[in-house]
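Shown next, in structure tokens, is the structure this report addresses.
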Amino acid sequence: MKVRVMVPADAAAWARMRSALWPEEQPGEHATEIAAYFAGEFPRGPWCALLAEGSAGEAIGFAEVSIRSYAEGCVTPRVAYLEGWFVEAAHRRSGVGAALLRAAEEWGRAQGCTEFASDADPENAISIDAHLALGFEDAGMVRCFRKSLGD
């Protein structure tokens, strides 16, 4: 298994895994964001997409990392942020997620960050347990609200 930065040839596998992680999004939205990333036009930069490959070179996981000016529980104004993290079910609990996380941390350090943050749905016990097992500290729970200002 190895972890590397995504290249355009990874777009289909990345879109498939994004759809598994975020099924509520339309597939076209994933394709649009992936195309923007490779065109250097991703609206939320800097951004890095990492791919975990199995022994046969197949895509088995990914991590998306950005730089945010704020993250809950952090004190610095430049925080590496784990935007998305996914490992195929057959490869979970085998070190793939940890390898992706280490690569994401290294990218954050290279960007000058001294803190790394993430989030998880409060009902997603698997993700919460994985974060805690890999050294994240719980920074609290935030409930988000929205209200339409249209018609």
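The values are calculated or read from the model by the stated rules, or taken from the named source; none is laboratory data. Model, not experiment: these values are computed from the prediction. We place every Cβ from the backbone using ideal geometry, glycine too, and count neighbours over all the protein chains shown. Just the protein is used for accessible areas: all its heavy atoms, side chains included, with ligands, DNA and RNA removed. Shrake-Rupley method; radii C 1.70, N 1.55, O 1.52, S 1.80 Å.
Assorted remarks:
- Average accessible surface area per residue within the stretch 47-147, 1.4 Å rolling probe, Å²: 59 Å²
- Net charge over other residues, Cβ less than 13 angstrom from the Cβ of ALA35 (K, R count +1; D, E count -1): -3
- Taking all pairs of distinct alpha-carbon atoms in the stretch 6-59, Kirkwood radius in angstrom: 11.7 Å
- Under DSSP loop assignment and at most 15 Cβ neighbours within 10 Å, longest chymotrypsin sites (Phe, Trp or Tyr not before Pro)-free interval of the chain: 71-144
- Helical mean residue ellipticity (222 nm; -39500 (n - 2.57) per DSSP H run of 4+; nearest 500) of the chain: -9500 deg cm²/dmol
- Range of Cα positions in the stretch 1-127 per principal axis (Å), largest first: 40, 33, 30
- Electrostatic tally near PHE62: other residues with Cβ closer than 11 Å to its Cβ, Lys and Arg +1, Asp and Glu -1, net -2.
- Cβ-defined net charge surrounding GLY140, 13 Å radius [Lys, Arg +1; Asp, Glu -1]: -3
- Counting only protein heavy atoms and a probe of 1.4 Å, the accessible surface of the stretch 9-77 is 56% carbon and sulfur.
- Calculated FRET value between ALA56 and LEU21, using beta carbons and R₀ = 22 Å, to 0.05: 0.50
- Inter-probe distance in nm under a simple model that places probes 7 Å from Cα toward Cβ, at HIS91 and ALA36: 2.6 nm
- For LYS2 and GLU106, the FRET efficiency from 1/(1 + (r/R0)^6), where r spans their Cβ atoms and R0 equals 22 Å, is about 0.95.
- Among the trypsin sites (Lys or Arg not before Pro) within the stretch 22-111, those in coil by DSSP and having at most 12 neighbouring Cβ atoms inside 10 Å are ARG93.
- Simple label model, 7 Å out from Cα along Cβ direction - ALA9 to VAL142, nm: 3.9 nm
- Per DSSP, loop GluC sites (Glu not before Pro) in the stretch 1-51 with at most 14 further Cβ within 10 Å: GLU24, GLU25, GLU41
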